[in-house]
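The values are calculated or read from the model by the stated rules, or taken from the named source; none is laboratory data. Just so we're clear, the structure is a prediction, and the values are computed from it rather than from any experiment. Here Cβ is always computed from backbone atoms with ideal geometry, including for glycine, and neighbour counts include all displayed protein chains. We work out accessible area using only protein heavy atoms, side chains counted, and drop any ligands, DNA or RNA first. Shrake-Rupley method; radii C 1.70, N 1.55, O 1.52, S 1.80 Å.
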Amino acid sequence: MSEHRIIQEELDLLASVRNLLEEIPYELPPSEAGIVAELVRIRDEMVGAKEEDKGALMEQYNRQYSLLDQLREARKRPQVDPDSPYFAHLRLREEGRERDLCLGKATRIQRGIRIVDWRDAPISKIFYRYQQGEEYEEEIGTRELIGEVVARRTVAIRGGQLERILSPEGSFSFHDGEWRQEQQEAPRMAGGEGAAMRAHDPGQGSGRRLGTDLEGHRRRTDKRLPDIAGLIDAEQFELITQPKSGFVVIRGTAGSGKTTVALHRIAYLAYDDPSIDSARTMFVVFSKALRDYVAHVLPALGVENAQVRAFPEWAEEQRRNHFQKLPKKRRDDTPAVVLRLKNHPVILAALEAQVRDVDAPNTREQAVDDWMSVLVNAPLLQRVVQQLAPGSFSAAEIERITTWSRDRNEEIVAWLDGDREVTAELDHEDDALLLRAWQLRVGPLRHKGRPLNYRHVAIDEVQDFSPIEVRVLIETLDREQSITLAGDTQQHVMQESGFTSWEDFFRHLGVEGTAVNTLRVAYRSSHPIVSFAVDLLGEYWEDDDVPLTTRSGPPVELFQFTDHGATVAFLSDVLKELIRAEPLASVAVLTPSKDLSRLYHRGLDKGEVPRLRLVENQDFTFAPGVEVTEVEAVKGLEFDYVILVETSAAEYPDHAAARRLLHVGATRAVHQLWLTSVGTLSPVVREAMKRD
């Protein structure tokens with residue numbers, strides 16, 4: 001049978017490769033000791049050399065150093081691992097002759113071994129671009145290759161043993177000492193085209209659907225947040241129509257409509273009070289991506305003049321207006337412990353104590369002095385930490401913070417005194433500290449010579465703002481103190497802000513007795529996705545029950561591979577088929593790091609996945625297609641399909657921050673969620689898959 005032929009071919013190929021690898025050991029690069037000794041000799045000779053001889057000696061030195069670089073690069077090159085030498089096998093027919101080519105993590109072409117690194121070997125694109133039986137025509141270097149893909153297979157090899165074969169003829173796996181053909185269909189993503197993102201009636205699951213026309217067909221190509229005024233449910237309507245004065249705090253699970261409620265509440269208030277539709281109303285988000293995602297909703301609701309701002313941009317603008325002489329450059333080497341303090345609730349209390357205890361003029365210059373002083377006042381910081389958050393910072397950490405800050409203060413003072421030779425820079429976190437110092441020392445922030453008083457401020461994803469940032473915004477409100485706070489503690493990914501609970505958050509802000517209104521229906525994701533996302537949180541899920549959902553859907557699926565190249569090959573095939581079948585679909589391929597985002601983007605691009613984009617600096621297009629980026633970049637957004645890449649124990653260990661990050665990534669999916677892993681699977685994912 002053909003399947004027996006395929007198994008035997010792959011077993012024979014693996015045995016041949018392993019035998020050759022054993023027969024032909026790697027030739028290690030020569031020792032670098034001789035080159036290093038020569039460099040030392042030339043360096044010593046240059047000390048006493050005549051001026052006219054130094055040029056020739058320097059040329060010799062540079063030549064030897066270049067050789068040393070090449071030698072060290074050769075030592076760093078990956079080597080083919082005999083226990084897992086390759087993950088894919090191609091058989092190509094060119095001019096009537098057939099040859100076998102394997103893809104792996106390193107290149108070795110020697111005496112019948114033909115293994116190439118999938119990441120940079122040009123010929124590997126034949127595997128990613130063509131299917132079995134297809135003819136190819138590719139320029140590889142200076143050669144034009146024309147031929148046919150006779151066989152295209154993905155294999156799993158662990159410990160030198162062939163465990164699995166995926167081929168167009170079928171999938172085969174080795175279990176309990178024998179090979180078996182798997183009977184399941186090839187995995188595919190599907191179900192988004194014409195399906196609902198949200199049902200109008202969660203009880204019945206019928207009626208007109210969000211993102212569809214009157215016939216129920218999905219037409220929306222713009223993937224930004226839509227206006228859903230006609231689909232507001234009773235619970236959301238009650239929050240939207242709260243009185244305009246005072247605090248409205250909305251807690252809701254992922255996809256429950258927190259952002260929608262906050263935006264529609266502005267439209268509701270503006271209908272009753274036209275002055276709300278002005279630049280004195282501001283919807284504040286924590287990122288550029290979320291700003292772009294929601295910015296068009298208010299105009300669609302008839303609110304043309306309210307601002308939608310990302311807090312970092314707004315805070316920088318205000319800081320530059322109020323502290324024009326301070327340096328404008330940003331620092332990128334600040335220790336993490338310093339940034340953690342600048343975001344932590346204790347800095348808010350410490351700054352208030354600094355201003356209260358120091359009798360000084362209420363001037364801009366004194367506000368700058370307050371900001372500088374609080375960051376170097378170790379006794380004050382230790383006292384506030386002990387009072388508010390014992391154990392959050394050790395004495396050694398506070399010493400490190402104050403020492404670092406003292407050095408930076410000296411640079412800024414020198415720069416303000418006119419010394420442009422020094423490097424004077426600010427952290428983004430300093431903006432809120434300086435603005436709060438102004439408010440405490442000088443008074444209200446100002447705009448065009450008048451106090452900056454907002455009619456209404458709404459803060460979305462408030463759990464990822466620091467208390468000092470929220471306090472700054474609260475102090476910009478007019479006398480009615482009209483503000484909407486929307487968030488979900490279970491999506492808290494900015495650990496350094498110190499946010500632990502709503503109760504503590506309000507305590508740090510000095511706001512007492514504020515009620516939290518909860519949205520309980522998760523409209524965005526299907527029931528399997530929501531249930532899995534809850535399981536990811538485990539003990540950190542704060543409610544007794546899984547949120548209500550409006551739709552069923554396919555199960556969450558996990559795919560494990562031996563190499564990222566195999567994962568890329570698998571995803572390339574799946575995504576090309578998905579985009580062909582559903583041209584309006586939006587897909588997020590979410591990775592745990594920038595390096596992996598670039599790796600997967602390069603691989604998928606090599607596989608000619610259409611409408612593929614690498615998202616950097618949160619520059620989303622919100623158009624149909626496949627966007628590759630990091631998990632933390634998609635907070636607050638949504639996609640028809642989500643693939644969480646490399647959900648391994650190394651990337652997502654079993655602790656609260658990793659669980660919340662996985663939860664955020666999972667709940668971006670509307671229709672279907674997949675996970676992949678090359679390394680040892682995260683225990684968080686393993687347990688959630690068992691419960692799912």
Complete set of residues in the range 242-258 that are closer than 16 Å to Arg524 by Cβ and either aliphatic (A, V, I, L, M) or without any contact (Cβ under 8 Å) to a residue 40 or more places away in the chain (or both): Ile250, Ala254
Subset of the range 497-531 (residues that are within 22 Å of Thr259 (Cβ to Cβ), assigned to a helix (DSSP H, G or I) and either touching an Asp or Glu at 6+ places or on another chain (Cβ under 6 Å) or at pLDDT 85 or above (or both)): His527, Ile529, Val530
Count of residues meeting criterion [open to solvent by 10 Å² or more (accessible area, probe 1.4 Å), of a type outside the set (A, V, I, L, M, F, W, C) and touching a residue at least 12 places away in the same chain (Cβ under 8 Å)] in the range 640-666: 6
Neighbours by Cβ (under 9 Å, 6+ apart or cross-chain): first from the range 676-689, free of Cβ contacts under 8 Å to residues at least 40 places away in the same chain; second open to solvent by 40 Å² or more (accessible area, probe 1.4 Å) and of a type outside the set (Gly, Ala, Ser): Gly679/Glu651; Ser682/Glu651; Ser682/Pro653; Ser682/Asp654; Pro683/Pro653; Pro683/Asp654; Arg686/Leu558
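Residues in the range 394-409 that are assigned to a helix (DSSP H, G or I) and open to solvent by 20 Å² or more (accessible area, probe 1.4 Å): how many?
So in the range 394-409, the residues assigned to a helix (DSSP H, G or I) come out as 395-409.
So of that shortlist, the ones also open to solvent by 20 Å² or more (accessible area, probe 1.4 Å) come out as 395-397, 399-400, 403-404, 406-409.
So the count comes out to 11.
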Failed condition for His322, given (1) out of contact with any Phe, Trp or Tyr (no Cβ under 6 Å at 6 or more places or on another chain); (2) more than 24 Å from Thr489 (Cβ to Cβ); (3) of a type outside the set (A, V, I, L, M, F, W, C); (4) in contact (Cβ under 8 Å) with a residue 12 or more places away in the chain: (1)
Residue in the range 169-182 that is in contact with a strand residue (DSSP E or B) (Cβ under 7 Å, 6 or more places away or on another chain), of a type in the set (A, V, I, L, M, F, W, C), modelled with pLDDT under 65 and crowded, with 20+ Cβ neighbours inside 10 Å present: no
Where a residue in the range 354-380 is surrounded by 13 or more Cβ atoms within 10 Å (Cβ to Cβ) and its partner, wherever it lies, is part of a loop (DSSP other than H, G, I, E, B), with Cβ under 6 Å and at least six apart: Gln366/Ala360; Ala367/Val442
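For the range 599-692, give me every one of the strands (runs of 3 or more DSSP E) that falls completely inside it and has 3 or more residues that are in contact with a Phe, Trp or Tyr (Cβ under 7 Å, 6 or more places away or on another chain), under 19 Å from Ala585 (Cβ atoms) and of a type outside the set (D, E, K, R).
669-677
Kindly provide the set of residues from the range 606-618 that are among the acidic types (Asp, Glu) and either buried (at least 24 other Cβ atoms within 10 Å of the Cβ) or touching a residue at least 40 places away in the same chain (Cβ under 8 Å) (or both), ordered by number.
If we filter the range 606-618 for residues that are among the acidic types (Asp, Glu), which is where we start, we get 608, 616.
Listed by number, the list holds a single entry, Glu608.
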Those strands (runs of 3 or more DSSP E) lying entirely in the range 101-186 with at least 2 residues over 19 Å from Ala15 (Cα atoms): 135-140, 143-158, 170-175, 178-182
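State which residue is nearest to Ala15 (Cα to Cα) when the search covers only the range 75-85 and only residues that are without any contact (Cβ under 8 Å) to a residue 60 or more places away in the chain and open to solvent by 30 Å² or more (accessible area, probe 1.4 Å).
Applying the filter and picking the extreme gives Asp81.
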Residues located in the range 303-349, provided they are assigned to a loop (DSSP other than H, G, I, E, B) and either within 13 Å of Leu433 (Cα to Cα) or open to solvent by less than 50 Å² (accessible area, probe 1.4 Å) (or both): Val303, Ala306, Phe323, Leu326, Pro327, Arg331, Thr334, Pro335, His344
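May I ask you to verify whether Glu421 is modelled with pLDDT of 95 or more, open to solvent by 50 Å² or more (accessible area, probe 1.4 Å) and acidic (Asp, Glu)? Let's see the steps before the verdict.
Numbers: modelled with pLDDT of 95 or more: no; open to solvent by 50 Å² or more (accessible area, probe 1.4 Å): yes; acidic (Asp, Glu): yes.
No, not satisfied.
Has the range 284-298 got any residue that is under 21 Å from Gln439 (Cα atoms) and either open to solvent by 40 Å² or more (accessible area, probe 1.4 Å) or in contact (Cβ under 8 Å) with a residue 40 or more places away in the chain (or both)? Full working, then the answer.
As a first pass, look at the range 284-298 and keep what is under 21 Å from Gln439 (Cα atoms): 284.
Now restrict to residues that are either open to solvent by 40 Å² or more (accessible area, probe 1.4 Å) or in contact (Cβ under 8 Å) with a residue 40 or more places away in the chain (or both): 284.
There is at least one residue in the range 284-298 that is under 21 Å from Gln439 (Cα atoms) and either open to solvent by 40 Å² or more (accessible area, probe 1.4 Å) or in contact (Cβ under 8 Å) with a residue 40 or more places away in the chain (or both).
If you go through the range 304-325 one residue at a time, do you hit one that is among the β-branched types (Val, Ile, Thr) and at pLDDT below 95? Before the answer, list the steps.
Our first condition is that a residue be among the β-branched types (Val, Ile, Thr); within the range 304-325, this holds for 308.
Filter once more, so that each one left must be at pLDDT below 95: none.
No, the range 304-325 contains no residue that is among the β-branched types (Val, Ile, Thr) and at pLDDT below 95.
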Matching residues in the range 631-644 - criterion: being modelled with pLDDT of 95 or more and either touching a helix residue (DSSP H, G or I) at 6+ places or on another chain (Cβ under 6 Å) or under 18 Å from Trp541 (Cβ atoms) (or both): Val631, Leu644
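With the requirement that a residue be outside any loop (DSSP other than H, G, I, E, B) and touching a Leu at 6+ places or on another chain (Cβ under 9 Å), what does the range 446-467 give you? Even if it seems obvious, please write down each step before you answer.
Applying the first criterion (outside any loop (DSSP other than H, G, I, E, B)) to the range 446-467 yields 446-447, 450-451, 454, 456-460, 462-464, 467.
Result: Arg446, Pro451, Tyr454, His456, Val457, Ala458, Ile459, Asp460, Val462, Pro467.
So that you can scan it fast, the table gives a plain yes or no per residue for (1) in contact (Cβ under 8 Å) with a residue 24 or more places away in the chain; (2) open to solvent by 70 Å² or more (accessible area, probe 1.4 Å):
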| position | (1), (2) |
| --- | --- |
| Gly55 | no, no |
| Gln64 | yes, no |
| Leu67 | yes, yes |
| Phe87 | yes, no |
| Glu94 | yes, no |
| Arg99 | no, no |
| Ala121 | no, no |
Residue check, Val634 crowded, with 23+ Cβ neighbours inside 10 Å and touching a residue at least 40 places away in the same chain (Cβ under 8 Å): yes
Close pairs from the range 442-457: first within 12 Å of Gln307 (Cβ to Cβ) and open to solvent by 60 Å² or more (accessible area, probe 1.4 Å), partner at pLDDT 95 or above and among the hydroxyl-bearing types (Ser, Thr, Tyr), Cβ under 9 Å, at least 6 apart: none
